[in-house]
Amino acid sequence: ELKVEQNPLFLSMQEGKNYTIYCNYSTTSDRLYWYRQDPGKSLESLFVLLSNGAVKQEGRLMASLDTKARLSTLHITAAVHDLSATYFCAVERKTSGSRLTFGEGTQLTVNP
Amino acid sequence: NAGVTQTPKFRVLKTGQSMTLLCAQDMNHEYMYWYRQDPGMGLRLIHYSVGEGTTAKGEVPDGYNVSRLKKQNFLLGLESAAPSQTSVYFCASTPGPALHSGNTIYFGEGSWLTVV
């Protein structure tokens, strides 16, 4: 059974600081996704990571994938208040109808 | 292009009542999914479909049924609602497996269901 674990689950940080969210998964996967969710809203796709060593960056967010370690990271650089949200990683396995298995989510609060 | 549309967006049910959630996509996607999200948790897969006329169970299928009679629609039914089914339900769709294409999975806006 595929398990996806994120840490930390709660993160409070000051504006301007850097931090990393970690996503570990238990079995091989085909793709890894990062999503952002604001309260009461749907999921917004941030990154899709397809292969080992993949790195993608958008603004202050950078995601990477190490398939050998079964680890993905979401790095936040110089955080701003607008990044406050819940971030989810999700793992896709094509042999299972491209189903997504989600982590528990990391609730990020960026304080002024 | 509406993407993935869920109806209704909000509903309050009494225990034992039945209802159906409708998910419609206009992108000609093969794969469709129903997830539920409970407070402080990630989404969990209820049922999914890999094509018209097909359905399969996900992680938490008990108490739900689904149908995919038309490619563009995926229905989620609750035959006898229970308070434990109070949740936010998300539908999603994707074109299908394409290892190198980076297909995105598209989510609906969510349906908030309360069972009292």
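The values are calculated or read from the model by the stated rules, or taken from the named source; none is laboratory data. Owing to the predicted nature of the structure, the values given are computational and were not obtained by experimental measurement. Backbone-built Cβ (ideal geometry, glycine too); neighbour counts: all protein chains shown. Side chains are part of the model used for accessible areas, which takes the heavy atoms of the whole protein and leaves out ligands, DNA and RNA. Shrake-Rupley method; radii C 1.70, N 1.55, O 1.52, S 1.80 Å.
A few notes on this one:
- Per-residue mean of C-beta atoms belonging to partner chains within 10 Å, peptide A:28-40: 2
- Nearby aspartates and glutamates by direct alpha-carbon distance to A:LYS56 (threshold 15 angstrom, same-chain neighbours under 8 apart not counted): A:ASP66
- Whichever aspartates and glutamates have a C-alpha closer than 15 Å to that of A:LYS17, once near sequence neighbours (fewer than 8 apart) are set aside: A:ASP82
- Accessible surface area normalised per residue over the protein assembly as shown is 47 Å², counting heavy atoms of protein chains with a 1.4 Å rolling probe.
- Lysine pair count for chain B (Cα-Cα distance under 23 Å; residues 8 or more apart in sequence or on different chains): 4.
- Model label zone, B:LYS70; criterion: amide N under 16 Å from point 7 Å along Cα-to-beta-carbon; scope region B:11-25: B:21-25
- For chain A, the alpha-carbon coordinates run over 44, 30, 20 Å along the three principal axes, in decreasing order.
- Calculated FRET value between A:LEU71 and B:VAL116, using beta carbons and R₀ = 41 Å, to 0.05: 0.45
- A cut-off of 5 Å between modelled amide H atoms, ignoring neighbours fewer than 5 places along the same chain, links B:LEU13 with B:THR114, B:VAL115, B:VAL116.
- Estimated Rh, the protein assembly as shown: Kirkwood, alpha-carbon pairs, angstrom: 18.1
- Of interest is the spacing of the C-alpha centroids, which for region A:67-112 and region A:1-45 amounts to 2 Å.
- Taking both sides together, the accessible area buried where B meets A is about 1800 Å² for a 1.4 Å probe.
- Among the trypsin sites (Lys or Arg not before Pro) within region A:13-42, those in coil by DSSP and having at most 13 neighbouring Cβ atoms inside 10 Å are A:LYS17, A:LYS41.
- Here chain A exposes an accessible surface that is 47 percent carbon and sulfur, computed with a 1.4 Å probe and the other protein chains kept in place.
- Loop sites in region B:18-116: trypsin sites (Lys or Arg not before Pro), DSSP, at most 14 other Cβ within 10 Å: B:LYS70
- Diffusion coefficient, µm² s⁻¹, Stokes-Einstein with Kirkwood Rh over alpha-carbon pairs of chain B at 4 °C and 1.567 mPa s: 91
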